[in-house]
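Visitor: Quick one: the structure is below, questions incoming.
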2 protein chains.
Amino acid sequence: MKTSEDRLIRQIARLGKSQRQLGLPLGIGDDAALLEPKPGYQIILTCDWFLEGTHFLRRKHPPDSVGWKCLARALSDIAAMGGRPRCFLLSLAIPDALTGRWLAEFLKGLRRAAREFRCALAGGDTTRKAEVGISITVVGEIRGRQALHRAGARPGDLIFVSGVLGMAELGLKRLRRGGMPSGKPNPLVTKHLYPEPRLALGQWLAQSKATTALMDLSDGLSTDLARLCAASCVGAHVDLAQLPCWAPPKRKQERAKPNNSNSEALQAALNGGDDYELLFTVAPKSVKRIPETYSGLRLTCIGQVTRSRHLVLSTPTGRRVLSPRGWDPFRRKSQG
Amino acid sequence: MKTSEDRLIRQIARLGKSQRQLGLPLGIGDDAALLEPKPGYQIILTCDWFLEGTHFLRRKHPPDSVGWKCLARALSDIAAMGGRPRCFLLSLAIPDALTGRWLAEFLKGLRRAAREFRCALAGGDTTRKAEVGISITVVGEIRGRQALHRAGARPGDLIFVSGVLGMAELGLKRLRRGGMPSGKPNPLVTKHLYPEPRLALGQWLAQSKATTALMDLSDGLSTDLARLCAASCVGAHVDLAQLPCWAPPKRKQERAKPNNSNSEALQAALNGGDDYELLFTVAPKSVKRIPETYSGLRLTCIGQVTRSRHLVLSTPTGRRVLSPRGWDPFRRKSQG
């Protein structure tokens, strides 16, 4: 006889098929999962909350995007080390009323992300709760001592970011204003709902040996750059004019390109969270090895690492201190 | 400049000291943690919820017991494989109001368990939430292919449990009735608040090669034995008279010993959760290798594995079906 919890676990376990092929001798259904480590590799471990009310809203976020995003953002931490994902554990707290259609859609999004980023479900824990709560643990791997850390940036290094910053924040604003967009998908809303961890870029940066420090942008550039600088005991000088901000395509023929005259887009690029782009530093002598784009993803130099431990922003009207104004769950009001 | 979240992480990170000695090249403060796997060992992965309102009550459970128990119960899954813990990740959602004294006490209990069971904090994620939510991921290891699974019990095998069953359930009832006990600690309440994962016993069982299947008792014998039997495609016959139930010491000289005339204690032994004792099966030819006690912990044969896939309970009044009536978060009313 199966308990209700056992039935739920069976439904989730369908994501974990063919686990033996993925180096998981034992997966869902036992007390714990077993993983066969590869010789010469280190194991990367990371976990990430994704909570209703804090990280998503049940009325605004489609359940398949909740499934996709909870894994994608945890995978971004693997990208931030230059690693390759192996498997993940899903801790799911869910109201009884959502164990039907909502759960099925959630698992569809989760399965899509698990396939796309080649990360197998290895196990987890389920429980009942009035609000949806998700904690994802991802296990990755990286060869030898190739992992890139936040600490490592040196004065004089150049600061790079991937992609366009602030899109996810602008997408969230649009989602909050207008509910779910109908018709063709909006690129800002898509970026917010279905972010892509920069795994391939992270792995390339770790192998290229040009990078001195690496992290992902989850809480906004102003907050995350401050963390990278603190870990490296350095400061930074960022040039506002260089920030890759979002600009809507004005005509059909015209491609989206940076446009730093838009104050909302600039604020989002500085402080908006959830972009999951990569932030990295490169020694001046290695800069020529960083291409303008990597697999179609733009790489932009936005400033330089400084010896003085302050964060400074150059703007058209002069210099000012760049304060962390990104996402912080323990600050009462969100700013920026 | 530190954000509030960064300050909280620093407070938690004090648990993760001397991580390099523990084979963790990189721990708290970066995007992810790094673990150096031992050659010839498999990695064990498990995660466990511990939620306010579901698994503990803020008014009834002292914060240091919340810290102890959230790790101890996750470690029990490592014991259930026969493994040795290496490190853990802490996902903590906490209300602003509890980041002072409550958090300090919680971390004290967590630190005590981490030391006692030699399991280092490797990383985690923190966020703000109106109710406390905890998800713990434990990483363990086990040599070669020594891990014991739930599947493996064969008809004719004898069924054993460690310790006394139902104590945690009786302790919870006492806690609910009377609040926190004053004066000298009550063994039932202590068992509920500060359970001990049977790591040493699990490791010994994995090495002894006498055991055919192993799991831990977290949701109650009737539920967990059904899971072991389902995984092994077998049934079981349990003798009620053999169950190691709680009996209070009647006189100062008399030691606590089994007393199966107490209906409340019997029900708790059959269906009570949170004991974190071990349930294992042994082939008849290996039974002589199972001692009566292991490091002072009683090991009791409670029945036998059967070919017919039913769970049967022998009682003084005859035989009856043993239905899973233990803890199941998705059943509306708790039973038993």
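Visitor: Keeping to the range B:189-226, report how many residues are within 29 Å of B:Pro248 (Cα to Cα) and either in a loop (DSSP other than H, G, I, E, B) or without any contact (Cβ under 8 Å) to a residue 12 or more places away in the chain (or both).
Guide: 8
Visitor: Quick check on the range B:118-133. Is at least one of its residues within 30 Å of B:Ala247 (Cα to Cα) and surrounded by 22 or more Cβ atoms within 10 Å (Cβ to Cβ)?
Guide: no
Visitor: On to the next question. Of all residues in the range A:152-162 being in contact with a Pro (Cβ under 8 Å, 6 or more places away or on another chain) and buried (at least 24 other Cβ atoms within 10 Å of the Cβ), which is farthest from the other protein chains (Cβ to nearest Cβ)? Walk me through it before giving the result.
Guide: Within the range A:152-162, the first condition is being in contact with a Pro (Cβ under 8 Å, 6 or more places away or on another chain), and the residues that meet it are A:156-158, A:161.
Filter once more, keeping what is buried (at least 24 other Cβ atoms within 10 Å of the Cβ): A:157, A:161.
Numbers: A:Asp157: 18, A:Val161: 15 Å.
If we take residues in the range A:152-162 being in contact with a Pro (Cβ under 8 Å, 6 or more places away or on another chain) and buried (at least 24 other Cβ atoms within 10 Å of the Cβ), then A:Asp157 is farthest from the other protein chains (Cβ to nearest Cβ).
Visitor: From (1) in contact with a strand residue (DSSP E or B) (Cβ under 8 Å, 6 or more places away or on another chain); (2) modelled with pLDDT of 95 or more, pick out the condition that doesn't hold for B:Asn271.
Guide: Unmet for B:Asn271, out of (1) in contact with a strand residue (DSSP E or B) (Cβ under 8 Å, 6 or more places away or on another chain); (2) modelled with pLDDT of 95 or more: (1).
Residues are listed down the side, and each one gets a yes or a no for (1) out of contact with any Ser or Thr (no Cβ under 9 Å at 6 or more places or on another chain); (2) crowded, with 22+ Cβ neighbours inside 10 Å; (3) over 19 Å from A:Asp219 (Cβ atoms):
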position: A:Asp64; (1), (2), (3): yes, no, yes
position: A:Trp68; (1), (2), (3): yes, yes, yes
position: A:Ala74; (1), (2), (3): no, yes, no
position: A:Asp77; (1), (2), (3): no, yes, no
position: A:Met81; (1), (2), (3): no, yes, no
position: A:Pro85; (1), (2), (3): yes, yes, yes
position: A:Leu89; (1), (2), (3): no, yes, yes
position: A:Ile94; (1), (2), (3): no, yes, yes
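Visitor: Condition first: facing chain A (nearest Cβ under 7 Å), assigned to a strand (DSSP E or B) and at pLDDT 90 or above. Now tell me which residues in the range B:18-50 satisfy that.
Guide: Of everything in the range B:18-50, those that are facing chain A (nearest Cβ under 7 Å), assigned to a strand (DSSP E or B) and at pLDDT 90 or above turn out to be B:Gln42, B:Ile43, B:Ile44, B:Leu45, B:Thr46, B:Cys47, B:Asp48, B:Trp49.
Visitor: Being over 20 Å from A:Ser263 (Cα atoms), basic (Lys, Arg) and within 14 Å of chain B (Cβ to nearest Cβ): is that true of A:Arg325 here?
Guide: no
Visitor: Testing A:Ala93 on (1) assigned to a strand (DSSP E or B); (2) small (Gly, Ala, Ser); (3) free of Cβ contacts under 8 Å to residues at least 40 places away in the same chain, one condition comes back false. Which one is that?
Guide: Here A:Ala93 clears every test but (3).
Visitor: To continue, here is another question. Filter the range A:84-116 down to the residues that are in contact with a Phe, Trp or Tyr (Cβ under 9 Å, 6 or more places away or on another chain) and facing another protein chain (nearest Cβ under 10 Å), then identify the one that is farthest from A:Gly152 (Cα to Cα).
Guide: A:Asp96
Visitor: List the pairs whose first member sits in the range A:298-311 and is over 15 Å from A:Ser222 (Cα atoms), whose second member is of a type in the set (Ser, Thr, Tyr) and assigned to a strand (DSSP E or B), and whose Cβ atoms are under 9 Å apart, counting only residues at least 6 apart or on separate chains?
Guide: What qualifies is A:Arg298/A:Ser162; A:Leu299/A:Ser162; A:Leu299/A:Thr293; A:Thr300/A:Ser162.
Visitor: B:Lys60 - would you say it is in contact (Cβ under 8 Å) with a residue 60 or more places away in the chain, basic (Lys, Arg) and at the interface with chain A (Cβ under 9 Å from one of its Cβ atoms)?
Guide: no
Visitor: Examine the range A:128-135 for a residue that is away from chain B (no Cβ under 14 Å) and either basic (Lys, Arg) or assigned to a loop (DSSP other than H, G, I, E, B) (or both), and state whether such a residue exists.
Guide: For the range A:128-135, residues away from chain B (no Cβ under 14 Å) and either basic (Lys, Arg) or assigned to a loop (DSSP other than H, G, I, E, B) (or both): absent.
Visitor: I'm trying to understand the selection: among the residues of the range B:86-109, which are under 13 Å from B:Cys70 (Cβ atoms) and among the aromatic types (Phe, Trp, Tyr)?
Guide: Listed by number, the residues that qualify are B:Phe88, B:Phe106.
Visitor: Let me ask something additional. With respect to the numbered conditions (1) within 13 Å of another protein chain (Cβ to nearest Cβ); (2) of a type outside the set (A, V, I, L, M); (3) not in a loop (DSSP other than H, G, I, E, B), which one is the sole condition not fulfilled by A:His149?
Guide: The one condition A:His149 does not meet is (3).
Visitor: Collect the residues in the range B:278-297 that are free of Cβ contacts under 8 Å to residues at least 40 places away in the same chain and assigned to a helix (DSSP H, G or I), keeping them in residue-number order.
Guide: Within the range B:278-297, B:Lys285, B:Lys288 meet the criteria.
Visitor: Quick check, is A:Gly67 among the small types (Gly, Ala, Ser), at pLDDT 90 or above and in contact with a strand residue (DSSP E or B) (Cβ under 8 Å, 6 or more places away or on another chain)?
Guide: Numbers: among the small types (Gly, Ala, Ser): yes; at pLDDT 90 or above: yes; in contact with a strand residue (DSSP E or B) (Cβ under 8 Å, 6 or more places away or on another chain): no.
Spelling it out, it is not the case that A:Gly67 is among the small types (Gly, Ala, Ser), at pLDDT 90 or above and in contact with a strand residue (DSSP E or B) (Cβ under 8 Å, 6 or more places away or on another chain).
Visitor: Return yes or no: is A:Pro244 under 22 Å from A:His192 (Cα atoms) and modelled with pLDDT of 95 or more?
Guide: Against the criterion (under 22 Å from A:His192 (Cα atoms) and modelled with pLDDT of 95 or more), A:Pro244 qualifies.
Visitor: Of the residues in the range B:197-247, how many are surrounded by 24 or more Cβ atoms within 10 Å (Cβ to Cβ) and aromatic (Phe, Trp, Tyr)?
Guide: 1
Visitor: Pick from A:Val282, A:Val312: which is of a type in the set (A, V, I, L, M, F, W, C), surrounded by 19 or more Cβ atoms within 10 Å (Cβ to Cβ), at pLDDT 95 or above and under 23 Å from A:Arg227 (Cβ atoms)?
Guide: Working: A:Val312 fails: surrounded by 19 or more Cβ atoms within 10 Å (Cβ to Cβ).
Among A:Val282, A:Val312, only A:Val282 is of a type in the set (A, V, I, L, M, F, W, C), surrounded by 19 or more Cβ atoms within 10 Å (Cβ to Cβ), at pLDDT 95 or above and under 23 Å from A:Arg227 (Cβ atoms).
The values are calculated or read from the model by the stated rules, or taken from the named source; none is laboratory data. Fair warning: this is a prediction, and the values are worked out from it, not measured in the lab. Cβ sites come from the backbone with ideal geometry, for glycine too, and all protein chains shown count toward neighbours.
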